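These notes are about the structure you will find just below.
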Amino acid sequence: MSNWDVEKIRKDFPVLSTTVNGKPLVYLDNAASSQVPQVVIDRGTKYLREEHSNIHRGVHYLSQHATTAYEAAREKIKRFINAPDVDCCIFVRGTTEGINLVAASYGRKFINEGDEIIISGMEHHSNIVPWQVVAEERGARIRVIPLNERGELIIDEYEKLLNERTKMVAAAHVSNALGTVNPIKDIVATAHKYGVPVCVDAAQSVPHFPVDVQDIDADFYVFSGHKMFGPTGSGIVYGKREWLDKMPPYQTGGSQIRTVTFEKTTYAPLPAKFEAGTPAIAAGIGLEIGSDYINSIDFNAAAAYEHELLEYATSRLADIPGVTIIGTAANKASVLSFTIENIHPHDIGTILDQEGIAVRAGHHCAQPVMQFFDVPATARASFAFYNTKEEADKLADAVQRVIEVFA
Ligand SMILES: Cc1ncc(COP(=O)(O)O)c(C=O)c1O
């Protein structure tokens, strides 16, 4: 393994030294939610103990202090993804809310009868259903980029789907069910040849490698804080100003208006236009500290380490008779989905839990992916840079025991 000091990193995450069912916790459910380092816990506690107040509207000390902290968090996130403009970074509760925002608002303005929306065959439900709803409301049609048997997008087929009716391409940067890293820069460039914007579901990319929204040239880039070492209830929609300025508000009410009369309302400029109501202030500040944490480590080295870990765990599991790896793309993030012949993934998950090993079992909110691979569900081990080779061994040994139990 590379010279990544995993033991030092593990000390930053208190939960990793706890036990579950009498066994040391082996946390391999990072694609669902990553764990939080002590610095995020400390910052959240400090905010709640000493700084908590509603933002933007207050003249008093605490409110101004909380406002400054919240807006500083936005600035930090802007730098984290290299967004060109801090006002184009909108706080949301997470990827789901973010994609709903983009789909509803963009759809209302730009999608009409007979238009087409392209999504990929490996999307999480939260990058399928909001587009289906919009398509139904606006009389548009969903088209799907197909997958090959390794779980990669068939890019030649993608370009064939683009035409003058296409109004949006929505695609994951990284698949949560398969781990596939999509060639997102190329996907965006191809869409732009047809003048079509791209909404990138970045829930699974920001925790694994550095991203640069300007380099990708994404029109929208959406992610959740709780998958990148921050708290739940935090997330970001980055959007290009040229779109956001033209799009109507998603939710309306307090904090997002300029003037209100009973006859007419005018809206505040970005980002407030899209941030109705009191936001999740502590969560937003926690997200900043999660991004700070990532910036404090050598993220490229972390990504290389995770890759080695994935390859090691994959080879261990692939050696076990009866195990099938689902998702074998050439370019993968550290997600390892698998099935065991004649054993339901829920049984796998339950037995692993008895060993203190946390994996996810189910369809991973990606039922079309399960349909494509013709499985009801998979077990999914997803690694972060704090996981170890020994944990991968424990996973493989426990999978072996699952097979023995059911033999
Ligand atoms: C690829 C992908 N998109 C979207 C989501 C939804 O994220 P959230 O539940 O934080 O809104 C997830 C969560 O697992 C995901 O993995």
Put W131, W4 in order of accessible area, largest first, 1.4 Å probe: what do you get? W4, W131
Nearest 10, in degrees from 0 to 90: the angle of helix 281-296 to the longest Cα principal axis of the chain is 60
Under the helix-only model (-39500 (n - 2.57) for each DSSP H run of 4 or more, divided by the residues of the chain), the mean residue ellipticity at 222 nm, to 500 deg cm²/dmol, is -11500 deg cm²/dmol
At 1.4 Å probe radius, can you tell me the per residue accessible area of the chain in Å²? 42
Accessible area, probe 1.4 Å, largest first, for residues H173, H307, H52: H52, H307, H173
Compute the semi-axes of the equivalent ellipsoid of the range 2-148, taking the square root of 5 times each eigenvalue of the Cα gyration tensor, and list them largest first in whole Å. 36, 27, 14
Restricting things to Cα coordinates, could you compute the convex hull volume per residue of the range 42-104 in Å³? 113
Beyond 19 Å, what share of the Cα-Cα pairs of the range 134-190 is found? Please give it as a whole percent. 33
For Q367 and H346 in the same chain, what is the full-extension length gain: residue separation times 0.36 nm, less their Cα-Cα distance, in nm? 6.0 nm
Scale the Cα Rg of the range 213-297 by the rule-of-thumb value 2.2 N^0.38 Å and send over the ratio, two decimals. 1.28
Determine the sum of side-chain charges near A218: Lys and Arg each +1, Asp and Glu each -1, restricted to other residues whose C-beta is under 15 angstrom from that of A218. -4
Which of G94, G235, G277 moves the most in a Gaussian network model of the chain with Cα springs under 10 Å? G277
With the convex hull built on the alpha-carbon atoms of the chain, volume per residue in Å³ sits at 140
Among DSSP beta bridges whose residues both lie in the range 1-160, state the antiparallel percentage, nearest 5. 40
Using alpha-carbon coordinates, inclination of helix 299-318 to the longest axis of the chain, degrees: 40
Sequence of I325, I236 from largest to smallest accessible area, 1.4 Å probe: I325, I236
Accessible area of the chain belonging to carbon and sulfur atoms, whole % at 1.4 Å probe: 51
With +1 on each Lys and Arg Cβ and -1 on each Asp and Glu Cβ, and nothing else charged, work out how big the dipole of the chain is about its Cα centre, in Debye to the nearest 20. 1140
Over all alpha-carbon pairs in the range 200-253, figure out the percentage whose distance exceeds 16 Å. 48
Under 10 Å, Cα contacts only: if you run a Gaussian network model on the chain, which one of T96, T67, T180 comes out with the highest mean-square fluctuation? T67
So what are the ³J(HN,Hα) numbers for the range 71-86, from phi and the Karplus equation (6.51, -1.76, 1.60; θ = phi - 60°), rounded to whole Hz, Gly and Pro as x? 6, 5, 5, 4, 4, 5, 5, 3, 6, 4, 9, 6, 6, x, 8, 4
So how far, in whole Å, is the C-alpha centre of the range 15-41 from the one of the range 298-330? 20
Taking the alpha carbon gyration tensor of the range 270-315, what are the square roots of 5 times its eigenvalues, largest first, to the nearest whole Å? 35, 13, 10
Here FRET efficiency (C-beta to C-beta, V133 to D298, R₀ 56 Å, nearest 0.05) is 0.85
If I build a Gaussian network model for the chain, linking alpha-carbon pairs within less than 10 angstrom, which residue out of D397, D374, D353 has the largest mean-square fluctuation? D374
Considering only the range 103-198, what is the antiparallel percent among its DSSP beta bridges, to the nearest 5? 15
Stretch D245-I142 to full length: gain in nm at 0.36 nm per residue minus the Cα-Cα span? 34.5 nm
Take the Cα gyration tensor of the range 169-266, multiply each eigenvalue by 5, square-root it, and list the three semi-axes largest first, rounded to whole angstrom. 29, 19, 10
Checked against the positive end of the charge dipole of the chain (+1 on Cβ of Lys and Arg, -1 on Cβ of Asp and Glu, about the Cα centre), the farthest of A218, T252, V36 is T252
Antiparallel %, DSSP beta bridges [both residues in the chain], to 5: 60
Once the Cα atoms of helix 389-406 and of the chain are each reduced to a long axis, what angle between those two axes, in degrees from 0 to 90 to the nearest 10, is obtained? 70
Virtual spin-label span in nm between E164 and S17, 7 Å along Cα→Cβ: 6.6
Taking K246 as the anchor, which lysines have their alpha carbon closer than 27 Å to its alpha carbon, excluding any fewer than eight residues away along the same chain? K76, K78, K109, K167, K185, K193, K264, K273
7 Å from Cα along Cα→Cβ at both I41 and T259: what's the point-to-point distance in nm? 5.1
Got a sec? Which residues in the range 20-59 would a label at E7 touch, if it sits 7 Å along Cα→Cβ and we count backbone N under 18 Å? 24-25
Between the residues G356, G22, H192, the Cα farthest towards the positive end of the dipole of the chain, that dipole coming from +1 and -1 charges on the beta-carbon of Lys, Arg, Asp and Glu, is from H192
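The values are calculated or read from the model by the stated rules, or taken from the named source; none is laboratory data. Treat the numbers as computed from the prediction; the structure is a model and nothing was measured. Here the Cβ is made from the backbone with ideal geometry for all residues, glycine too, and neighbour counts use every protein chain on show. We work out accessible area using only protein heavy atoms, side chains counted, and drop any ligands, DNA or RNA first. Shrake-Rupley method; radii C 1.70, N 1.55, O 1.52, S 1.80 Å.
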